[in-house]
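One structure is given below, encoded as structure tokens.
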Amino acid sequence: MRLELEDIKGGELEQGYSFSSVDFPDLVAIADGGGPTFDDSISFLLRFQRTGQFVEVDGSLTASVGLVCGRCLRSFTVPLVEAFTLTFVPLKSKDENETEEEIELESAELGLISYEEQVLELLEPLQEQLLMAVPISPVCQSECLGLCPECGQDMNLEKCDCTRRPFNNKFTALANIDFKKS
């Protein structure tokens, strides 16, 4: 997906975009590897504002992602609604007179996205925003009890009869000692 700078007339442009998950190759690869799966209705609303050679993009995304709960291992779907900002700058040509002592931050190190030939490539930055919106530790519900650490029973469905022993408790060895005062 591309946008030419000349399309931003008057310095501002607002556009809506709809995609399928197959339009983003990294999302397909992640889903094939057992990661999050996105529904086929991914939408972006982008507002472009051009100031000289800089283009600021205020955007929002709406999608639905299928995840696996980190506590009970059940699959669930959660809606994603996220706002973000992107800044595009022209690609700087390498200066042959630069020495190694001169350290200049590259645009990527500053969180800026470079563009060439007056064309903004939007696919990679939008795909990145989708991936950053996915929860790191997904939980199907805040009250999820998870799995029993001994038998693996889903504690949300049924309680088990396992006796929970303290995990790695350094005082377990002292449990059977009788401390009587004499």
Residue list for region 110-140, restricted to those being part of a loop (DSSP other than H, G, I, E, B) and either touching a Cys at 6+ places or on another chain (Cβ under 8 Å) or closer than 19 Å to Pro90 by Cβ (or both) = Gly111, Leu112, Glu117, Gln118, Leu122, Pro138, Val139, Cys140
inquiry  = Tell me yes or no: at least one residue of region 31-39 is among the aromatic types (Phe, Trp, Tyr), over 30 Å from Gln153 (Cβ atoms) and in contact with a helix residue (DSSP H, G or I) (Cβ under 8 Å, 6 or more places away or on another chain).
reply    = yes
key: Unique match (being acidic (Asp, Glu), within 21 Å of the chain's Cα centre (by Cα) and either surrounded by 12 or more Cβ atoms within 10 Å (Cβ to Cβ) or modelled with pLDDT under 70 (or both)) among Glu96, Glu100, Glu109, Glu150   = Glu109
query = In region 153-167, what residues are modelled with pLDDT of 75 or more and in a loop (DSSP other than H, G, I, E, B)?
reply = Gln153, Met155, Asn156, Leu157, Glu158, Lys159, Cys160, Asp161, Cys162
key: Answer residue from region 1-19, given it is over 22 Å from the mean Cα position of the chain (by Cα) and without any contact (Cβ under 8 Å) to a residue 40 or more places away in the chain and is surrounded by the most Cβ atoms within 10 Å (Cβ to Cβ) among those   = Leu13
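Here is a yes/no grid of residues against (1) surrounded by 10 or more Cβ atoms within 10 Å (Cβ to Cβ); (2) β-branched (Val, Ile, Thr); (3) modelled with pLDDT of 75 or more; (4) on the phi > 0 side of the Ramachandran plot:
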{"site": "Ser75", "(1), (2), (3), (4)": "yes, no, yes, no"}
{"site": "Leu105", "(1), (2), (3), (4)": "no, no, no, no"}
{"site": "Pro125", "(1), (2), (3), (4)": "yes, no, yes, no"}
{"site": "Glu128", "(1), (2), (3), (4)": "yes, no, yes, no"}
{"site": "Asn169", "(1), (2), (3), (4)": "yes, no, no, no"}
{"site": "Thr172", "(1), (2), (3), (4)": "yes, yes, no, no"}
message = Name the single residue that is farthest from Phe76 (Cα to Cα) among those in region 42-61 being under 17 Å from the mean Cα position of the chain (by Cα) and surrounded by fewer than 19 Cβ atoms within 10 Å (Cβ to Cβ).
response = Ser60
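The values are calculated or read from the model by the stated rules, or taken from the named source; none is laboratory data. Just so we're clear, the structure is a prediction, and the values are computed from it rather than from any experiment. When we count neighbours, we look across all protein chains shown, and the Cβ atoms used for this are built from the backbone with ideal geometry, even at glycine.
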